[in-house]
């Protein structure tokens, strides 16, 4: 979430954004109830109108390990 929204905004969204499609509960409540984090993330993306191509997060390539 921090990659998409920044750390401070992510914390606000997790705590305060009621996700209508998941029973009008916040992400923090849903996580405490054992809801699948991926489903929560996708609901947040839809609620915040994140373009679908960014729903899987940033493409962070693994650092190459140098052979010794």
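The values are calculated or read from the model by the stated rules, or taken from the named source; none is laboratory data. Nothing here was measured: the structure is a model prediction, and the numbers come from that model. Note that we place each Cβ from the backbone using ideal geometry, even for glycine, and neighbour counts take in every protein chain shown.
Values as computed for the structure displayed
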{"quantity": "Filtered residue count, the range 1-20, keeping only those that are under 15 Å from residue 37 (Cα atoms), in contact (Cβ under 8 Å) with a residue 12 or more places away in the chain and not in a loop (DSSP other than H, G, I, E, B)", "calculated": "4"}
{"quantity": "Residue satisfying all of: in the range 21-44; surrounded by 11 or more Cβ atoms within 10 Å (Cβ to Cβ) and touching a residue at least 24 places away in the same chain (Cβ under 8 Å); farthest from residue 58 (Cα to Cα) among these", "calculated": "43"}
{"quantity": "Members of the range 45-56 found to be in a helix (DSSP H, G or I), surrounded by fewer than 15 Cβ atoms within 10 Å (Cβ to Cβ) and touching a residue at least 12 places away in the same chain (Cβ under 8 Å), listed by number", "calculated": "46, 54"}
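For (1) more than 14 Å from residue 1 (Cβ to Cβ); (2) assigned to a helix (DSSP H, G or I); (3) at pLDDT 95 or above; (4) touching a strand residue (DSSP E or B) at 6+ places or on another chain (Cβ under 7 Å), each residue gets a yes or a no:
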| site | (1), (2), (3), (4) |
| --- | --- |
| 43 | no, yes, yes, yes |
| 58 | no, no, no, no |
| 63 | yes, no, no, no |
| 68 | yes, no, no, no |
